[in-house]
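One structure is given here, and the rest of the page talks about it.
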Ligand SMILES: Nc1ncnc2c1ncn2[C@@H]1O[C@H](COP(=O)(O)OP(=O)(O)O)[C@@H](O)[C@H]1O
Ligand SMILES: [Mg+2]
């Protein structure tokens, strides 16, 4: 049986990393074979692209360059990691995927959302997640979490985290619009609650997906 493809999305500091780790523990306890690669990394080529993308000295990067680099990394990720894993029955949990590009490069940077979607369709061969968990958070709350964790450092975070509050507000609104457009794929979770409460909602959504699949297989 093919594995499930699950993605975690949401603004910076929403808790994707935190919830991803908790979800992996939950799934492994339930004897689900799960892979949790790092997107846009997860491959040797992707890790190198990631360093170019996040380097805070690359202030001159054009939005188009950014969009194409994320897509290039994703093309490698899908072919090298995601499709082979799904084919051997492994569930793949990815932090950020196509929706992140639609939200950040489309809604955030102002590139044409339909164009970003087309480019990403090329990159992924049209592979979409079975379930997307959108951890929704008010950007100032998320950015404060990131800062409190010391990730921001003296320079104020990576190239994307350093963007203006208005940019992060557009990203959040973009994610919510995407969720409204694909209600069957998305589950929106209020990420402002404590880690435990958010985890329970994440588990409820994922267990629902796994149970639904068992019934129909
Ligand atoms: N529900 C929560 N409440 C308070 N702090 C949280 C919560 N979830 C995560 N954090 C903290 O916020 C910071 C950012 O979390 P992280 O999981 O890295 O978010 P993301 O990957 O979405 O940017 C971390 O220091 C983490 O410990
Ligand atoms: Mg993270």
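Being modelled with pLDDT under 95 and touching a helix residue (DSSP H, G or I) at 6+ places or on another chain (Cβ under 9 Å) is a property that residue 159 has.
Filtered by the rule that a residue be more than 18 Å from the chain's Cα centre (by Cα), over 21 Å from residue 18 (Cα atoms) and either crowded, with 20+ Cβ neighbours inside 10 Å or modelled with pLDDT of 90 or more (or both), the stretch 33-57 gives 44, 45, 48, 52, 55, 57. Set side by side, the residues 108, 125, 150 differ, and just one is farther than 15 Å from residue 179 by Cα and without any contact (Cβ under 8 Å) to a residue 24 or more places away in the chain, which is 150. Among the residues making up the stretch 19-36, those that are more than 22 Å from residue 178 (Cβ to Cβ) and within 16 Å of ligand 1 (Cβ to nearest atom) are 21, 22, 24, 25, 26, 36.
The criterion of at least 1 residues that are away from ligand 2 (no atom under 16 Å from the Cβ), in contact with a helix residue (DSSP H, G or I) (Cβ under 7 Å, 6 or more places away or on another chain) and without any contact (Cβ under 8 Å) to a residue 60 or more places away in the chain is met by the following helices (runs of 4 or more DSSP H) wholly inside the stretch 1-78: 44-54, 63-77.
Of the residues making up the stretch 147-165, none is assigned to a helix (DSSP H, G or I) and crowded, with 17+ Cβ neighbours inside 10 Å. Out of all the residues in the stretch 192-199, is one or more within 12 Å of ligand 1 (Cβ to nearest atom), assigned to a helix (DSSP H, G or I), at pLDDT below 95 and closer than 15 Å to residue 15 by Cβ? Within the stretch 192-199, not a single residue is within 12 Å of ligand 1 (Cβ to nearest atom), assigned to a helix (DSSP H, G or I), at pLDDT below 95 and closer than 15 Å to residue 15 by Cβ. Can you spot a residue in the stretch 173-182 that is over 16 Å from the mean Cα position of the chain (by Cα), part of a helix (DSSP H, G or I), away from ligand 1 (no atom under 16 Å from the Cβ) and at pLDDT 95 or above? There is at least one residue in the stretch 173-182 that is over 16 Å from the mean Cα position of the chain (by Cα), part of a helix (DSSP H, G or I), away from ligand 1 (no atom under 16 Å from the Cβ) and at pLDDT 95 or above. Checking each residue in the stretch 94-116 for being within 16 Å of ligand 2 (Cβ to nearest atom) and surrounded by fewer than 24 Cβ atoms within 10 Å (Cβ to Cβ) picks out 95, 96.
Take the conditions in contact with a strand residue (DSSP E or B) (Cβ under 6 Å, 6 or more places away or on another chain), buried (at least 22 other Cβ atoms within 10 Å of the Cβ) and within 30 Å of residue 211 (Cα to Cα) and apply them to residue 133. Does it pass?
For residue 133, the condition - in contact with a strand residue (DSSP E or B) (Cβ under 6 Å, 6 or more places away or on another chain), buried (at least 22 other Cβ atoms within 10 Å of the Cβ) and within 30 Å of residue 211 (Cα to Cα) - is met.
The values are calculated or read from the model by the stated rules, or taken from the named source; none is laboratory data. On a predicted model such as this, the values are computed, not experimentally measured, just so you know. Every residue, glycine among them, receives a Cβ derived from its backbone with ideal geometry; neighbour counts consider all protein chains shown.
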